[in-house]
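Enquirer: To start, I am sharing the structure in question, which I have written as structure tokens.
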Amino acid sequence: HGGSVYFDGTGDYLTLPQITLGSGNFTIEAWTYLESRATTYPAIFSNYNSFSAGSLSLFAGHGSSTTTNYQVAHNGSGFPAINAGTVSYDQWVHLALVRNNGTITLYKDGTSVGSFTSSVDLSGVGSNFHIGASGDTVSTSYINGYISDFRLVTGNAVYTGNFTPPTAPLSSSGASLHIKGTDASIIDKSQSANLKLVGNATGSTTQVKFAN
């Protein structure tokens with residue numbers, strides 16, 4: 001019951017300094033709510049070039065408009081390393097990409113949809129870490145939708161098998177990156193609607209009902 005970051009599919013994305021994933025365990029997870037396939041290569045995240053050494057990217061489909069699966073690009077070879085789990089629209093989906101003792105697994109709503117073996121150093125190639133777009137094809141890789149509670153944990157496989165997706169906001173403890181999206185002033189805690197504020201509409205902390 002927090003907030004989220006909205007990506008409009010025409011130019012919105014987040015970029016951060018390069019994050020070193022290294023060759024050990026890691027966990028990258030987020031709640032996503034995609035509204036449409038806005039571009040040819042919609043990327044949930046990317047640590048630069050999806051086809052370069054040391055890189056890792058997660059796409060909600062890649063290439064042809066008939067592509068309907070989540071796809072993982074990895075270290076410049078064998079694309080896609082994972083091609084599984086149907087992309088879901090107009091609903092919240094929890095995605096987690098985890099490396100545990102040399103095996104990288106993609107979980108959709110807590111269920112493994114594919115894995116492969118890799119212990120290579122995934123430190124990228126000197127560019128920024130992107131959320132909502134891919135580093136090498138930014139203009140054709142925007143996503144259209146919402147991301148909430150994006151968390152990256154290095155050195156730890158938070159999930160080592162199928163799991164129940166989180167039912168509360170994630171902790172920042174041990175995280176190298178955590179984007180909560182909790183600065184929204186109006187939140188639908190029933191999670192039945194997506195609210196967009198127009199103009200100077202905002203929430204009030206003085207006029208309330210059914211609250212202490």
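The values are calculated or read from the model by the stated rules, or taken from the named source; none is laboratory data. Predicted model only: the values in this text are computed from it and were never measured. As a convention, Cβ positions derive from the backbone with ideal geometry for all residues, glycine included, and neighbour counts pool all protein chains shown. For accessibility, only protein heavy atoms count, side chains too; no ligands or nucleic acids. Shrake-Rupley method; radii C 1.70, N 1.55, O 1.52, S 1.80 Å.
Enquirer: Looking at segment 175-195, can you tell me whether even one residue there is in contact with a Pro (Cβ under 7 Å, 6 or more places away or on another chain) and touching a residue at least 60 places away in the same chain (Cβ under 8 Å)?
Expert: Scanning segment 175-195, I find at least one residue that is in contact with a Pro (Cβ under 7 Å, 6 or more places away or on another chain) and touching a residue at least 60 places away in the same chain (Cβ under 8 Å), so the answer is yes.
Enquirer: Additional query: Give me the residue from segment 165-205 that is over 23 Å from Trp92 (Cα atoms) and of a type in the set (Gly, Ala, Ser) and, out of that set, most open to solvent (accessible area, probe 1.4 Å).
Expert: Selected residue: Ser173.
Enquirer: Out of (1) in contact with a strand residue (DSSP E or B) (Cβ under 9 Å, 6 or more places away or on another chain); (2) loosely packed, with under 15 Cβ neighbours inside 10 Å, what's the single condition that is false for Asp121?
Expert: Among (1) in contact with a strand residue (DSSP E or B) (Cβ under 9 Å, 6 or more places away or on another chain); (2) loosely packed, with under 15 Cβ neighbours inside 10 Å, the lone unmet condition for Asp121 is (1).
Enquirer: Would you mind finding the one in Ser173, Ser148, Ser190, Ser204 that is more than 21 Å from His130 (Cβ to Cβ), of a type in the set (S, T, N, Q) and at pLDDT 85 or above?
Expert: Criteria check complete, one pass: Ser173.
Enquirer: Turning to a different aspect of this structure: Restricting to segment 83-115, give me the number of residues that are open to solvent by less than 30 Å² (accessible area, probe 1.4 Å) and under 20 Å from Gly22 (Cα atoms).
Expert: 8
Enquirer: Here is a follow-up. For segment 1-42, enumerate the residues that are farther than 26 Å from Asp188 by Cα and among the small types (Gly, Ala, Ser).
Expert: Gly22, Ser23, Gly24, listed by residue number.
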